[in-house]
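J.: This structure is in structure tokens; I'll ask about it shortly.
Read the figures in this text as sums done on the coordinates, not as results from a lab. Bear in mind that the values here come from a model prediction, so they are computed numbers and not experimental data. Methodologically, a virtual Cβ is constructed for each residue, glycine included, from the backbone with ideal geometry; neighbour enumeration extends over all protein chains shown.
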Number of protein chains: 4
Amino acid sequence: MFTLPDYIFPDFTAALFKNAPSVRTMPAPLDGVVPENFYATTIYPEYFKIHDTWQLMSESRMDCVVVITDDLPQAIEFRNVKKGDSVVVGRQESAENGVYVDHFAFAKKQNKGDNFSFRTSNSRETAYSRDYDRLYELLEFERENGYILWVLGPAVTFDQDSRNAMSHLVNSGYVDALFAGNALATHDLESHFFNTALGQDIYSKENISMGHYHHIETINRARNCGSFENLIEKYKIEDGIISACIKNKIPMVLAGSIRDDGPLPSVYANAYDAQDALRVHTKKATTVICLATQLHTIATGNMTPSYQVVDGVVRPVYFYSVDISEFVVNKLKDRGSLSSKAIITNVQDFMVNLQRNLPE
Amino acid sequence: MFTLPDYIFPDFTAALFKNAPSVRTMPAPLDGVVPENFYATTIYPEYFKIHDTWQLMSESRMDCVVVITDDLPQAIEFRNVKKGDSVVVGRQESAENGVYVDHFAFAKKQNKGDNFSFRTSNSRETAYSRDYDRLYELLEFERENGYILWVLGPAVTFDQDSRNAMSHLVNSGYVDALFAGNALATHDLESHFFNTALGQDIYSKENISMGHYHHIETINRARNCGSFENLIEKYKIEDGIISACIKNKIPMVLAGSIRDDGPLPSVYANAYDAQDALRVHTKKATTVICLATQLHTIATGNMTPSYQVVDGVVRPVYFYSVDISEFVVNKLKDRGSLSSKAIITNVQDFMVNLQRNLPE
Amino acid sequence: MFTLPDYIFPDFTAALFKNAPSVRTMPAPLDGVVPENFYATTIYPEYFKIHDTWQLMSESRMDCVVVITDDLPQAIEFRNVKKGDSVVVGRQESAENGVYVDHFAFAKKQNKGDNFSFRTSNSRETAYSRDYDRLYELLEFERENGYILWVLGPAVTFDQDSRNAMSHLVNSGYVDALFAGNALATHDLESHFFNTALGQDIYSKENISMGHYHHIETINRARNCGSFENLIEKYKIEDGIISACIKNKIPMVLAGSIRDDGPLPSVYANAYDAQDALRVHTKKATTVICLATQLHTIATGNMTPSYQVVDGVVRPVYFYSVDISEFVVNKLKDRGSLSSKAIITNVQDFMVNLQRNLPE
Amino acid sequence: MFTLPDYIFPDFTAALFKNAPSVRTMPAPLDGVVPENFYATTIYPEYFKIHDTWQLMSESRMDCVVVITDDLPQAIEFRNVKKGDSVVVGRQESAENGVYVDHFAFAKKQNKGDNFSFRTSNSRETAYSRDYDRLYELLEFERENGYILWVLGPAVTFDQDSRNAMSHLVNSGYVDALFAGNALATHDLESHFFNTALGQDIYSKENISMGHYHHIETINRARNCGSFENLIEKYKIEDGIISACIKNKIPMVLAGSIRDDGPLPSVYANAYDAQDALRVHTKKATTVICLATQLHTIATGNMTPSYQVVDGVVRPVYFYSVDISEFVVNKLKDRGSLSSKAIITNVQDFMVNLQRNLPE
């Protein structure tokens, strides 16, 4: 059975912390502009000494500034800062300045390798059996206790078994929120109408004649209905991911992008509105599973901290990146999202594995 | 020396065309919604018989509907259709219906291989010497006669030589418009201030201490200035791609995305506004060069036809996709952008090759 | 249930065939050297008119010459030709010359796509559900009726579940012959002794201290025993792929390579002896499954025809290439092995899928 | 100008070393079998205390045992050990045992990054400008002072400019030895006869009719001549890599493999004979450049130490791996060849860069 690791709070009675000054702030000079020497957030637990009390920031994310509101620290994106906000300044992070970053929260004993050893990186040749086993346990735990955010690339719905598996997980309670783009939703609905994705049959792989109409025909129907709810009702759609989310009232954030046709109803045209909508979920997410999408995976990685504070308890966020490309998962690491776990495989096999191994 | 291939117009005096009916239209039922049985565009030259005259559509793109305005056909995105617009309906494309698609415009003699042969696909092991030679000739020609649209991923500015090469091409007149995202601009400007990209030195590759501040510090300065023009003036920025574009008054379309920090001034927050802004250039582009960006390459591929009508002459559009991943360039082909040419290499080497081989 | 497609023999009563001359031969001038204008084999069924009778070549492979022995055609590698052998000459292959290649054996109706369509290539985003379903049926059929050759890269044994799955398939009768290199065998045996592959635990992925000794320690023990049989007996090895093959008397061809440590006993030092040993199996193979090895997959592809003659019946050979890299599977196609099927995924997931879905 | 880093010898007057026992050995029990508890080599400088003197091993390589002959340590492959050889035993490596491994030879100051930073791995998005600049300087230096071993995959000769560049480097003195397989030589010679590689024109990329004969026709001619020297003389071959090597008397090691056609004359059929032949060069190599070949790169990496002793001076070996696949270069690191430098690009661009930037 899965258990959460304990988090050990820093000992704030130590001299280091007691003698530290309170955090300094400066007012934001303009809307969306912050003071010189601003402090920027990381993915780790961060404490700010405010009126002599060390306050842990909850609902964090990296690359934000910290605004003090009602004596509490908040991670705010540059564009959301308002003129006059009290922005933390100074870049030291070991208490000297009233800021303390706990880089070693949940740190396991390092894999203390020898000076000469093989196989130190993560690749297609890495063993994933244990990762799967742990993930099954984790998802069971999180269904009861956590908040599971799924981030899907369109390939999840390009294959019949994979599309069915994802719908099944939604219906079984393993999905608390879904983040994707216009394409995932379009091809999922296209599959209902034509059994194809971009004109190719999702089981037989046959390219259907006039198949290049399928996705835009789908989009036109949806636009005509004005909402997913209307579309699903009118066409009695009972299969697929979008239908499962609507029926189970799972919130979806669909971010528009420069490559979209359509778009479908409810897709965010404005990228930063989409970020704000996604952040509602990354503030709550305790497990994030990203599948076959470089863009959305990195976006979510940017906005997800390595920990959450749930009922006063500090717990880790589990972040999985599942992709067939080592580049994608390594890129995530290169952006500071150090705590992510990678599984390098075809997303279809991954989805079917989850369906088979998770209890209803 | 480079010469354009001749385009041979269909013989509209032939019975096929003379006996064909005029095109049928239906009014759009709502803003952004089109009639049942709408006709959708491809990347090829398309003719529409209107009042007994076959009209070639200019400024085309795929996956749009055709609206007849002032007796001329126009490719309009679904979202830009207005209620009551006259939308072409019917899906035949061999004149039966008043629509004729010229699939074989500019078609070369097929590589008429044997029944048993090797090496039919495009990969890292393909020979690119001739592609380079042709591209040099093409760009010289287009500098005088065409409209060259560049589509850049951030990696173009992650290396010093590559960044310099791109700036040089802008200054030498080989760039008519630039399409990129917030990241390309951010890291290009970061390189001015810190000689880094995402905190890593673009020459020595050293990870600079506190380097994770560099890109957001850059963004904050730009937001404070309110525009690239002000930023460049205030900080006297004379190096890099953005500075070169501003000085040479090269139009830039910077599309915001869900993964952005900031964003910088002048970045489009709304994805569809960005599409509209980009379409201004894809309507004119005669050569498109896409470097190291899957998202923007596919976006541009979607919006670029295989031909343009320039001063009444029909000419091909040359579309290059340069990426280290076979997947990216093959994906472009899988989306119907069949006429693209791929060069599979590191974008740094590609850029330096262009700089070395193109005349000032 | 799986059924083999019918093969339709050419109509040799047609004038084309009746009027054709018998095949011409020339003697090989030297051992390992063939006459000018030699005819070279393909992967397709080939017929040779000998004494007025059209003889189908059985046990074919590509890139060989055809030696006529006892009035029957045989595909012989250049290096195996003997001085004076009667080698077929002339390069026409439509009967003009006494040679007829049946390029369209088993050809299905072409996927007769439109002039404008998406998704024509094979990638990580292709749907594989049906391929799996067909493969399960095929393997059940072949267990009773065919000859299944497995070609394994070392990654098959880098993960505990995958290693167990492969052993299980051997024990269940789904493996008729195994082709691999020194590394697969080494790391499979290393897993018995240390539960590691190249020093990394195949379940926990921990890098074990002094793990760089594990594979050479394993090799030394095997060399000391002198044979796999002795090693397995001495150390009572009951787990893993090599042990399963030895116990079930499944023939193994282990080809040595330039990157080997050791090698283990029974590994072929001579690459061409290994080819000859492998050809014994490719002459019989009706299904070939290649997993996660570019080198051995291409080697096997070179040596495997698209058909076999089994009890006088001509049937297709099913050739699967399973790899995480599109490049590897496309490369196979680029070498003329046109009939192969690709599944692009992590080999661990593939193996576990087979284990789960095949009857004991 | 390029200068070698100084190597600082351990201070053998220190107590640690003075008090250490001499190394222990055991006789090999059989040919090709070593004693229990054998010591295995790494890529680092290793010292063995023999008769109270610390002896540096020269001409090292990893994963070998150490045989003491004439009071000097030698790295010997398992298969080359003879019964009765004195093999070093014991696995400690910090002098306790008479063995000392200098893991930090030439170690530069670590890139002492922060606790939170981006871009720590090596990818297609890494900046390579400085690597190129250093490599140009290094090769100029090594032409005069070192021994440059090139390891080539066949793709080097698949493109006209790349093939010419490599020939040029041979003629200009930048190549001291060449290691490749049968395919590189075959397609280089095929290019002379047909201007193709595997039937595809190396400039125009046209697939030539009957092109699948080209490489085997080439092989047959070479086999008929009996040697490269005879072939080159008979056909007056003045272009290409093989011809350049023969004329400049550059030693070539061509290793046969399981996927070969032919093979050509002088190709090693026996993989371990090929290893022995290659080791002659890895014992001398001061710079190794591996291009577009996973198999041969790893083979060479296994056999190349991180240092050489040249005229009594200890100097580093520079090992470059140039490939379009991050996987290949990371795999090299995963095998303990930690000191290699990677350039991730198309090998054609790499070759042309060298040709342009190195003095004649």
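J.: Sort the stretch B:8-157 into rounded, prolate or oblate with this rule: let a ≥ b ≥ c be the square roots of the eigenvalues of the Cα gyration tensor; rounded if a/c is under 1.5, and if a/c is not under 1.5, prolate when a/b is larger than b/c, oblate otherwise.
T.: prolate
J.: Please order C:11, C:276 by the number of other Cβ within 10 Å, starting at the fewest.
T.: So the ranking, lowest neighbour count to highest, is C:11, C:276.
J.: My understanding is that a pair violates if its Cα-Cα distance is over 31 Å; which of B:333/C:341; C:82/C:249; C:82/D:283; C:83/C:331 do that in this structure?
T.: C:82/C:249; C:82/D:283; C:83/C:331
J.: Relative to the longest principal axis of the C-alpha atoms of chain D, give the angle of the C-alpha long axis of helix D:160-171, reported between 0 and 90° and rounded to the nearest 10°.
T.: On a 0 to 90 degree scale, this one is about 50.
J.: Label-to-label distances across copies for residue A:12, with labels 7 Å out along Cα→Cβ, in nm, shortest first?
T.: 6.0, 8.0, 9.3
J.: Just counting partner chain Cβ atoms within 10 Å, what average do the residues of peptide C:317-328 show around their Cβ?
T.: Partner-chain Cβ atoms within 10 Å, mean over residues of C:317-328: 3.
J.: If we sort B:59-66, A:219-226 on the protection proxy, mean other Cβ atoms within 10 Å, highest first, what's the order?
T.: Highest mean packing first, the order is B:59-66, A:219-226.
J.: Give me A:93, B:206, D:190 sorted ascending by neighbouring Cβ count inside 10 Å, so fewest comes first.
T.: B:206, A:93, D:190
J.: Next question, about the same structure. Going by how many other Cβ atoms sit within 10 Å of their own, how do C:179, A:2, B:17 line up, fewest first?
T.: Least to most surrounded, the residues fall as A:2, B:17, C:179.
J.: Averaging sequence separations of C-alpha pairs under 8 Å and six or more residues apart, then dividing by the length of the stretch D:135-282, give the relative contact order as a whole percent.
T.: Relative contact order for the stretch D:135-282 comes out at 25 percent.
J.: Please state the shape class of the stretch C:1-84: rounded when a/c is under 1.5, otherwise prolate if a/b exceeds b/c and oblate if not, all from the C-alpha gyration tensor.
T.: Oblate.
J.: Tally Lys and Arg at +1 and Asp and Glu at -1 over the other residues with C-beta under 15 Å from the C-beta of residue A:90: what net charge comes out?
T.: Every neighbour counted, the sum reads -2.
J.: Could you give the size of the charge dipole of the protein assembly as shown about its Cα centre, using +1 on the Cβ of each K and R and -1 on the Cβ of each D and E, expressed in debye and rounded to the nearest 20?
T.: 0
J.: Using modelled backbone amide H atoms (1.01 Å from N, in-plane), which distant-in-sequence or interchain residues come within less than 5 Å of residue C:179's amide H?
T.: Hits under the 5 Å cutoff: C:150, C:151, C:152, C:253.
J.: Shifting gears a bit: Wrap a convex hull around the Cα atoms of the protein assembly as shown, take a quarter of its surface area, and give that in square nanometres.
T.: 55.7
J.: Kindly identify the stretch C:271-317 as rounded, prolate or oblate by the Cα gyration tensor criterion: order the square roots of the eigenvalues as a ≥ b ≥ c, call it rounded if a/c is under 1.5, otherwise compare a/b with b/c, prolate if a/b is larger, else oblate.
T.: Oblate.
J.: How far is helix D:182-194 tilted, in degrees, relative to the longest principal axis of the Cα atoms in chain D, given as a value from 0 to 90 rounded to the nearest 10?
T.: For D:182-194 against chain D, the angle is about 20 degrees.
J.: While we're looking at this one, here's another question. Between residue C:59 and residue C:92, what length in nm is gained on full extension when 0.36 nm per residue of separation is reduced by their alpha carbon distance?
T.: 9.8 nm
J.: So, R0 is 51 Å and r is the distance between the beta-carbons of residue A:209 and residue D:82; what FRET efficiency does that work out to, to 0.05?
T.: Efficiency for this residue pair is about 0.10.
J.: Continuing with this model, one more query. What fraction of the Cα pairs in the stretch D:129-357, stated in percent, has a spacing above 30 angstrom?
T.: 20
J.: Related question: Using Cα atoms only, what is the angle between the long axis of helix A:294-303 and the major principal axis of chain A, expressed in degrees (0 to 90) to the nearest 10?
T.: That works out to roughly 30 degrees.
J.: How high is the relative contact order of chain B? Use alpha-carbon pairs under 8 Å, at least six apart in sequence, and give a whole percent.
T.: RCO, chain B: 18 percent.
J.: Now, a different point. Restricting to DSSP H runs of at least four residues, report the calculated mean residue ellipticity at 222 nm for chain A, -39500 (n - 2.57) per run over all residues, nearest 500 deg cm²/dmol.
T.: Per the formula, -9500 deg cm²/dmol.
J.: Ok, one more. How many partner chain Cβ atoms sit within 10 Å of a residue's Cβ in peptide C:264-275, on average, as a whole number?
T.: 5
J.: Turning to a different aspect of this structure: Any idea what Rg and Dmax come out to for the stretch C:246-360 if you just take the C-alpha atoms, in Å?
T.: 15.2, 44
J.: Given points 7 Å out from each Cα along the Cα-Cβ axis, report the residue B:24 to residue D:104 separation in nanometres with one decimal.
T.: 8.4
J.: Can I ask one more? Run through the other copies and list how far each one's label point is from that of residue D:37, in nm with one decimal, shortest first; the point sits 7 Å from Cα along Cα-Cβ.
T.: Result, one decimal in nm: 6.3, 7.3, 9.0.
J.: Something else: Report, as an integer, the average count of C-beta atoms from other chains found within 10 Å of each Cβ along A:219-232.
T.: 3
J.: Quick one: label points 7 angstrom along Cα→Cβ at residue C:145, distances to the other copies in nm, smallest first?
T.: 5.3, 6.2, 7.1
J.: Modelled label-to-label distance, residue A:357 and residue D:14, 7 Å Cα→beta-carbon offset: nm?
T.: Rounded to a tenth, the inter-label distance reads 4.7 nm.
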